[in-house]
Each structure stands twice: as C-alpha cells, then as structure tokens.
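A.B. asks: Below are the structure tokens for one structure; questions will follow.
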C-alpha cells in the first residue's frame with residue numbers, strides 16, 4: 001500500500017498564464033509535482049478569482065494525500081480596485097500596460113527619485129499600483145473615492161480566506177512599502193504622497209505567518225476542509241528562487257517567464273549603485289537577507305514575437321530543433337532584445353530591437369541569434385551585479401520553463417555565462433515553490449526543488465568558448481550605442 005505523505009497546493013499567477021500545482025512530499029520530504037493545471041490569466045479580477053478556485057478544485061479532487069495548506073504566488077504590480085464590499089471592480093490593471101502619466105513623473109520629481117528608491121527599492125515607479133491610482137485619478141475615475149487596492153495574489157487569497165492579504169515581497173514592489181524590515185502595514189508617509197492611507201491596501205503577512213484559513217464557502221467550492229491554512233507566498237521570482245535553494249547571500253537564480261530576472265541575495269545591497277543600474281531591491285521570502293533583481297521584462301515575450309513576426313508559419317518544433325543544432329556552432333550574430341526599452345542595466349527607454357549583423361534567412365540561425373541576444377543580456381546583468389555585490393558564490397540556478405527546457409537556450413547559457421549552472425527539474429517551479437512555502441510554514445517541511453547536476457559554464461576567459469568575452473563586449477557596445 002502506498003504510504004500517506006503530506007501534500008500542498010501552490011498557485012502562480014503569471015502575466016500570460018496561471019498555474020496550479022498539487023505537490024506531495026515523500027518520507028525524505030522530496031517534492032513531487034503530482035498534478036498541474038494551466039489556465040490563461042483572465043482579464044478581470046472576479047474572473048481571476050473564479051478561474052483560480054476552479055483550477056484549485058480540479059487538482060484538490062485528485063489528491064491522494066492529506067493537503068496541509070495552499071500557497072499563492074504571483075507577478076508583481078498587477079492587481080485591481082476593490083469596492084466597499086471587497087469585490088473586484090472591472091479589469092486587472094497590469095504592470096506592462098501603462099507609462100505612468102504626468103502625475104507619476106510629478107510625484108517622482110517632487111519626492112526625489114533617489115530618496116524614493118532609497119526608501120522603497122523600486123526603480124520603475126510607472127509600473128507600480130501607485131501609478132495605476134494616479135493615472136486613474138488623472139482620468140477622473142469615480143471609483144477611487146472609496147476603492148481599495150489588491151494585487152492579483154491578494155485577490156486570490158481574499159477569495160480563499162475572506163480578506164485581502166499580501167506578502168512583503170509583493171508589497172515591496174508597490175512603492176508604498178519600506179525596505180527597513182517586513183511590517184504588517186503599508187507605509188503611511190509614502191502613501192500620503194499620493195493622498196492615500198494604509199487602509200486602502202491589504203494587510204501584509206509577516207514572514208512565516210499564514211494569511212488566514214479557508215472559509216466555509218471556499219471550502220465547499222474546493223472540496224477541501226474549512227480552516228485549511230492559506231499562505232501568501234509572494235513575488236514569483238523570489239518564491240521560485242527560495243524553492244530552488246537560493247536562500248543565502250551570494251546565491252543566485254535565473255528565473256524565466258514573460259520576463260527574465262537575475263536574482264541575488266546579499267546582507268545589504270548598495271542603494272545608489274543598484275538604482276543607477278535600474279535594479280530593484282527587496283527582501284527574500286524569509287525577510288532576513290536583501291535581494292537584488294535585474295530584469296529583462298520582455299524576454300519570454302520576445303521569443304513569441306520572433307516566432308510570430310520573423311518566422312510566420314514555421315513549424316515551431318522544427319525551428320527549435322534547428323536552433324538547438326545552430327547553438328553548438330560558431331557564434332557571432334545577436335539581436336538586441338529590447339521590445340520596449342531596457343530596464344537594466346544602464347536603463348534606456350529608447351532601446352529597441354536591432355540585429356547585429358542582419359538576421360539570417362535560415363529560421364534556425366535567426367532564432368539562435370534571438371536567443372544569443374537574450375543570453376548576452378543576462379550575462380551583462382550578471383557582470384553588473386557582480387560589480388555591485390561581488391562574485392556569485394556557488395552555482396547559478398536556472399529555474400525551469402523556456403530558459404531551462406529549451407535546448408538551444410540552455411546550450412547558449414552554458415557557452416556564454418560564467419561559473420557553474422544547475423537546472424531546476426520542475427515543470428512549474430514557482431507554483432510548486434508556493435506549495436513548498438505553504439508546507440514549510442504550516443507543517444515545518446523544509447526541502448528544495450530537485451536539481452540537475454552542476455554543469456560548467458564556458459564563458460569565462462580561458463574556457464573552451466574563448467570567444468564569449470569578446471562577444472559580450474560587442475553586445476554591450478552595440479546596446480550602449482558605441483557601434
């Protein structure tokens with residue numbers, strides 16, 4: 001007879017898709033993804049709540065083990081207004097669908113960009129919920145007089161426990177939460193800059209706490225027991241990194257979804273150096289160490305753009321297979337991977353796509369050049385983070401998804417990056433990580449996602465791909481307008 005092991009459910013609300021995972025933990029606490037459900041992320045707040053609860057119920061009904069908790073992670077900065085009754089009002093307000101407007105620029109000018117960054121660690125104010133609020137106020141939106149704000153993870157938590165509750169790693173991305181240690185409330189002084197008060201924002205669960213327990217109504221919908229603990233797991237990149245074992249200073253993770261983020265931990269991140277490079281500062285999910293995150297927000301979207309615009313009608317499997325072969329040959333061509341400006345390093349809103357040299361007509365070679373540009377962008381981020389924090393300790397952990405499962409992308413990372421790389425062996429590391437955090441906080445289960453063997457990266461000077469440093473130098477020169 002199969003032994004009974006504890007299980008947990010994890011949710012990852014992404015820009016494009018939302019994933020729900022049923023994870024179980026063996027007698028050695030090794031984690032296994034038992035069931036995975038993926039649904040397109042809906043456009044509306046209420047529709048998101050309904051879709052996620054339906055997906056949770058569909059995996060819960062298949063659980064063979066005792067479910068000990070539910071964890072909810074998500075992208076940052078996206079959410080919805082809530083009415084006085086707590087129900088979402090209208091569509092989601094997304095991080096990647098606005099420029100912030102004149103009110104945001106006036107706010108930053110008045111408060112001081114350096115001062116705001118030192119307080120919050122947020123390098124892109126126009127992406128934040130405060131920017132959403134100010135933009136709607138400029139437009140005369142009548143809902144604002146009594147509305148409240150909830151991020152997408154908070155919306156799902158509210159549907160489960162009856163109260164919008166967030167995590168400090170998500171609160172840190174709002175520009176209304178201070179860096180000086182996890183607190184239960186958003187900062188009154190920062191909110192006063194835009195005429196708001198903390199009661200308009202969710203309660204912040206402290207590290208290690210649960211957000212609440214499953215209500216009787218939610219339990220009846222999901223087929224789970226009322227009173228089941230629910231955890232606000234946090235920001236997707238931070239949750240995936242924690243799950244992969246990136247928990248101490250010097251550790252680093254490469255997390256790929258719609259965006260690609262290089263995430264590192266440190267005792268303390270130098271503020272001005274990070275601000276100048278467009279990188280965000282927060283705290284790790286345990287609230288102890290600080291995190292430095294540099295991102296290319298359109299990395300995953302660039303692959304879709306390339307397949308749709310550059311290679312229309314091509315068989316995707318064939319193109320990726322051809323790129324896998326090309327990725328082991330001579331390197332030299334790349335595409336500057338900036339669909340909508342460059343966030344980090346050396347922020348440049350005017351940065352755009354540019355092939356160096358012109359892309360080849362062959363589909364495999366063209367896709368290889370696109371992927372090469374993405375890896376060179378990551379290598380540049382890595383070198384700048386090293387300048388800020390010092391060399392990484394240990395391996396660079398590559399979270400699953402396109403950046404790990406795609407053979408061409410993986411080959412190029414091994415050839416261009418430095419140090420050693422390890423791939424996470426999980427289809428949905430963030431959703432599974434959210435389940436792991438729930439099990440950790442509720443049942444004391446501490447484990448990591450399964451990892452593949454460490455593989456040497458060859459981009460260091462003296463490695464077998466001795467052209468990598470020169471290629472990176474050429475990329476940086478092209479990206480900064482020097483060639």
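A.B. asks: Go through (1) under 27 Å from residue 473 (Cβ atoms); (2) part of a loop (DSSP other than H, G, I, E, B); (3) touching a helix residue (DSSP H, G or I) at 6+ places or on another chain (Cβ under 8 Å) one by one and return the number of the condition residue 426 breaks.
C.D. replies: So the condition that residue 426 fails would be (1).
A.B. asks: Residue 373 passes all but one of (1) part of a helix (DSSP H, G or I); (2) crowded, with 23+ Cβ neighbours inside 10 Å; (3) touching a helix residue (DSSP H, G or I) at 6+ places or on another chain (Cβ under 6 Å); which number fails?
C.D. replies: (3)
A.B. asks: Restricting to region 160-174, name every residue that is more than 21 Å from the chain's Cα centre (by Cα) and buried (at least 24 other Cβ atoms within 10 Å of the Cβ).
C.D. replies: Selection gives 160 alone.
A.B. asks: Taking residue 237 as the residue in question, decide whether it is closer than 18 Å to residue 451 by Cβ and in contact with a strand residue (DSSP E or B) (Cβ under 6 Å, 6 or more places away or on another chain).
C.D. replies: Judged against the criteria, residue 237 is a match.
A.B. asks: Looking at the structure I just gave you, is residue 130 under 26 Å from residue 263 (Cβ atoms) and part of a helix (DSSP H, G or I)?
C.D. replies: Considered against the rule, which asks whether it is under 26 Å from residue 263 (Cβ atoms) and part of a helix (DSSP H, G or I), residue 130 comes out as yes.
A.B. asks: If the requirement is being in contact with a helix residue (DSSP H, G or I) (Cβ under 8 Å, 6 or more places away or on another chain) and part of a loop (DSSP other than H, G, I, E, B), which of these qualifies: 77, 91?
C.D. replies: None of the other options fit; the residue is 77.
A.B. asks: Where in region 1-69 are the strands (runs of 3 or more DSSP E), entirely inside, with at least 2 residues that are modelled with pLDDT of 95 or more and surrounded by fewer than 14 Cβ atoms within 10 Å (Cβ to Cβ)?
C.D. replies: Ranges flagged: none.
Okay, residues lined up against (1) out of contact with any helix residue (DSSP H, G or I) (no Cβ under 8 Å at 6 or more places or on another chain); (2) closer than 20 Å to residue 256 by Cα; (3) in the same structural domain as residue 382 (by TED's automatic domain parsing):
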residue: 300; (1), (2), (3): no, yes, yes
residue: 304; (1), (2), (3): yes, yes, yes
residue: 309; (1), (2), (3): yes, no, yes
residue: 314; (1), (2), (3): no, no, yes
residue: 355; (1), (2), (3): no, no, yes
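A.B. asks: Need the failing condition index for residue 177 against (1) over 20 Å from residue 126 (Cβ atoms); (2) within 27 Å of the chain's Cα centre (by Cα), just the number.
C.D. replies: Going through the list (1) over 20 Å from residue 126 (Cβ atoms); (2) within 27 Å of the chain's Cα centre (by Cα), residue 177 breaks only (1).
A.B. asks: What residue, of 397, 432, is buried (at least 23 other Cβ atoms within 10 Å of the Cβ), within 21 Å of residue 75 (Cα to Cα) and not assigned by TED's automatic domain parsing to the domain that holds residue 331?
C.D. replies: Matching residue, one of 397, 432: 432.
The values are calculated or read from the model by the stated rules, or taken from the named source; none is laboratory data. Worth saying up front: this structure is predicted, and the values here are computed from it rather than measured. Virtual Cβ from ideal backbone geometry, glycine too; neighbours counted across all protein chains shown.
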